[in-house]
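Peer 1: My questions all concern the structure below.
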Amino acid sequence: DLTKRTVLFIVQNLYFKMKVQLIALASLGYANAANLARVKEDFAGATGEKKYFYHTNTPKKFAVDNGWKTGTFKLGSREFRDTWGYAYPDDNLPLNHKGYNEDVMRLCGEDLKNGANNERTFTVPMHKYDKYGTSNWYKNTHDFSNWNGIDLIPESKDNYEKGSPYLRGGLNFTAHTEIMGDEEIMFQRCKAPRDDGKPGGWVVDRVGPFYATGGYDWWQIGWSNLGDFESILKDHPEGFDVDIKAMMPVAQDGRRLGHPPIHIHHIHAVPRMGVRPRNRIRNLCMHTQIIGATITEKNCYNSSLVMEQHGDYQCNVEDDGIECLTTAENRRIREGLDIEGELNDVRPAGSEKIKFYYQAGFRWSPIRPEVRAVSQTTIMAPASLNRTDQLSRTVTFATPTKAEHMLWYTGRAWADGELFRNKLHAHNMVFESSEFFLGTPKDLGLDQPRMWPEKSYKPIRTKDIGFADNDDFRDWLFGNLEEAQKKAIRERVAREDPSDEACGRPRPRLVCAARYDSEDFIWEGNEYSFDRRPKTWCEPWTFREGDAFTVTGFSRHLTRPNKPDTPGKIPDFIPGHISWHMWWYHDTWIHSYFNRI
């Protein structure tokens, strides 16, 4: 009887604790709270399977489960629904990620794992596939900034631009065996027909292997003719649709690697030629007008992102975790693409070696006219540019960590269109929030002299301009916005129907807002926060060329070390972005449109 009563007490106590935890989680809007399991183990000295973090990144269930719903988040006293940035969330959520990566691995997994050469797959050394194929390794961020790394494909040394800093003593072309031993960087491509009976197919590119031991090292990669899109265009010169893309680091057996251990600093699919280390060292393409014609500079980096992936796109586990790195929206492609980017092993230096690859998989089909093509515009904050610093090429600004700050910028719509989704990309270690307003700086009070920074890329310290904190600053902005809205009504400059933004000056308003999110992992008893998808709210927006928009970005005061490779240290500055990656429908266009502003 005593044993039974003890067991009953334990069960009741556990039930009570679980109930309290579920209530607390439900208050955060996590309908899948029952599946939530925060990582509590210490990863110091992790070996074997644990060093790959497989078990921390993949939930047992997916967002398509019955009962899933979006959560909410707060900015000061204002509460927002987390629409994941969709303008029409009820039409697009929950996302059904389930099965796409499984399709990739079911069709191509064994071939890629085994380095096959057969009727659907080939495996060759990268230097034999592509003279611009790139794989460089840098021990840490300092070495990356100074171009001081090891070229892992020395056979392609002569394919850098003449005078490139990669050649001027930066890269070591003889030390690759220190990383690779007798192995070579290989390129693999698998092509498979769709097995649902529809026209089109799957294509999967994979590059590697890479051997990493932590230290926030940098793996710089790139190759030409992503997915062999140029061959598809020969058969479909009018273009083709890509409706599923799965771009992420993987182990040899195809299991996906999340963050940690691998941070996707950026992966960009861009118009050719776009293997950035092989381009001229400029951040933009130059154009020349000759007798009325525009001549575009050859071998420059066109930063119009057709597809991209960043580390803060991974979700927290209750919202699908690593599945969020797979997306399903319709891009209509009409030119060949290249791919480039950088990855980091975020573990402490000297961690046990892991072997990984980078893989990019796509499902394509001939153009389906009944499906609208999604365009993408990358809207970026001003950046500090320094041609002698490779880190500057990532187009960031130095974000102070010792106090709360704010940075803002403004622009005008580049075309007529309709918002589909707005994804915020920032470096969440210091990022707090961003707001995307339809309106001018004057509508928000930012035309005042005290709001003008010393340089466009230098954040303003919140307390230096009279605010108690970021919440106080935001409240002031929203107060000014309300006054601008009242003025718009008084002056009758609002469009005839508030829901019809087709003529006249639009009424200023908030279109999107995003707040940082992260997940904590433990090394040697210390918790470190790792980027996750920012909680993001958007509402419908039909815009017209010339409409003014203004973006604000707030950063936090960091009070604990931000990376396990630098325990006990908080840097004075962290390279930051406030970038809105806008997915939208282009009026009158059948194809997707890609640009950056």
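Peer 1: Loop only by DSSP, 14 or fewer other Cβ within 10 Å of the Cβ. Give me the trypsin sites (Lys or Arg not before Pro) in the range 326-399 that pass, ordered by residue number.
Peer 2: Those satisfying the criteria are LYS353, ARG387.
Peer 1: Tell me, what is the percent relative contact order of the chain, built from C-alpha pairs under 8 Å that lie six or more residues apart?
Peer 2: The value is 19 percent.
Peer 1: Going from most exposed to least, what order do GLU519, GLU483, GLU161 have by accessible area with a 1.4 Å probe?
Peer 2: Result of the area sort, largest leading: GLU483, GLU161, GLU519.
Peer 1: To continue, here is another question. Can you compute the FRET efficiency between GLU454 and ASN172 using 1/(1 + (r/R0)^6), with r the Cβ-Cβ distance and R0 = 41 Å? Round to the nearest 0.05.
Peer 2: Rounded to the nearest 0.05, the efficiency is 0.60.
Peer 1: Continuing with this model, one more query. If I model a spin label as a point 7 Å beyond the Cα along the Cα-Cβ vector, how far apart are those points for ALA468 and ASN299 in nm?
Peer 2: According to this spin-label approximation, the distance is 5.9 nm.
Peer 1: Tally the DSSP beta bridges in the chain and give the antiparallel ones as a percent, rounded to 5.
Peer 2: Numbers: 126 of 132 bridges.
If we restrict to bridges inside the chain, about 95 percent are antiparallel.
Peer 1: Using a probe radius of 1.4 Å on heavy atoms only, what accessible surface per residue do you get for the chain? Whole Å² is fine.
Peer 2: Counting only protein heavy atoms, the per-residue value for the chain is 43 Å².
Peer 1: Would you calculate the separation in nanometres between label points at ASN330 and LYS131, each defined as 7 Å from the Cα along the Cα-to-beta-carbon direction?
Peer 2: 3.9 nm
Peer 1: If the chain between TRP414 and LYS234 were fully stretched, how many nm would it gain, using 0.36 nm times the residue separation less the Cα-Cα distance?
Peer 2: Contour length minus the Cα-Cα distance gives 61.7 nm.
Peer 1: Something else now. Of LYS563, LYS458, LYS139, LYS128, which has the most accessible area and how do the rest follow, probe 1.4 Å?
Peer 2: Largest to smallest exposure gives the sequence LYS128, LYS139, LYS458, LYS563.
Peer 1: Could you pull out the pairs from LYS113/LYS198; LYS50/LYS535; LYS245/LYS455; LYS463/LYS535 whose alpha carbons sit more than 30 Å apart here?
Peer 2: Values: LYS113/LYS198 27 Å; LYS50/LYS535 28 Å; LYS245/LYS455 38 Å; LYS463/LYS535 26 Å.
Violating the 30 Å limit, Cα to Cα: LYS245/LYS455.
Peer 1: Can you send over the carbon and sulfur percentage of the accessible area for the range 366-504, probe radius 1.4 Å, protein chains only?
Peer 2: Its accessible area is 50 percent carbon and sulfur atoms.
Peer 1: Continuing with the same structure: If you filter the range 505-597 for trypsin sites (Lys or Arg not before Pro), then keep DSSP loop positions with at most 13 other Cβ within 10 Å, what is left?
Peer 2: Here the trypsin sites (Lys or Arg not before Pro) that fit, given the DSSP loop and packing criteria, are LYS569.
Peer 1: Put a dot 7 Å past each Cα toward the Cβ at LYS353 and ARG120; how far apart are the dots in nm?
Peer 2: Taking the simple label geometry, ARG120 and LYS353 are separated by 3.2 nm.
The values are calculated or read from the model by the stated rules, or taken from the named source; none is laboratory data. All of these numbers come straight from a predicted model, not from anything done at the bench. When we count neighbours, we look across all protein chains shown, and the Cβ atoms used for this are built from the backbone with ideal geometry, even at glycine. Keep in mind that these areas ignore ligands, DNA and RNA; they rest on the heavy atoms of the full protein, side chains included. Shrake-Rupley method; radii C 1.70, N 1.55, O 1.52, S 1.80 Å.
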